[in-house]
Amino acid sequence: MSILPSFVQKKQADTTSLKVPAEYGIDFETGQLTGKKVYGLEAIKVWIWLCLQTERYRYQIYSQNYGVSLEQYIGQSPTEDFLNMDCRDEIEEAIMINPYITGIIEFEAVIVKNRVRMKFTVNTLLGEVRMDV
């Protein structure tokens, strides 16, 4: 016998089946909304991009599990080897809260003109998504 009311137990049972993800489309070059809804892998790509653009713990509207902690590298001079290890861990921890994402592979971080450029492939339940941020 459970201490939770029956309607709460029913809601928990319904979350085991995942729906097709949907997001509002984004132009990744400008960061502006496109005005169209996207579904499936494209929606997951939008979710990942938004998650990586949000610094963790900065905005109270988001849970403490959402976003990345990459501002710690500003003003630092980390090596590319260090970035490949630490950034991968930060990004993987951030995006793994999405139930559709199963992991990342082929991670590469390079320093280009005082900026870090990261390329990686995200494995999802719907297929693979290539990210370049």
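The values are calculated or read from the model by the stated rules, or taken from the named source; none is laboratory data. Since the structure is predicted, the reported quantities are computational estimates derived from the model, not experimental observations. All Cβ positions, glycine included, derive from the backbone under ideal geometry; neighbour counts span all protein chains shown. Surface areas here come from the heavy atoms of the whole protein model, side chains and all, with no ligands, DNA or RNA. Shrake-Rupley method; radii C 1.70, N 1.55, O 1.52, S 1.80 Å.
Some points to look at:
- Taking other residues whose beta carbon is less than 12 angstrom from the beta carbon of Lys36, and scoring Lys, Arg as +1 and Asp, Glu as -1, yields -2.
- Residue-level accessible surface for Thr30, protein heavy atoms, 1.4 Å, Å²: 90 Å²
- Student exercise, the range 62-133 dipole from Lys, Arg, Asp, Glu Cβ charges, in Debye to nearest 20: 280 debye
- Under-22-angstrom lysine pairs by C-alpha in the chain, whenever the two are 8 or more apart or on separate chains: 8
- Residues whose amide H falls under 5 Å from that of Thr54, counting only those 5 or more places apart or on a different chain, are Val68, with hydrogens built in the peptide plane.
- Contact order normalised by residue count of the chain, Cα under 8 Å, 6+ apart, percent: 15 percent
- For the chain, with +1 on Lys and Arg beta carbons and -1 on Asp and Glu, the positive-most of Met118, Gln32, Val68 along the dipole: Gln32
- Its Cα centre serving as origin, the chain has a Cβ charge dipole (Lys and Arg +1, Asp and Glu -1) of approximately 580 debye.
- Efficiency of FRET from Cβ geometry, Lys36 and Arg115, R₀ 30 Å, rounded to 0.05: 0.55
- Segments 110-116, 82-88 sorted - mean Cβ within 10 Å per residue, highest first: 82-88, 110-116
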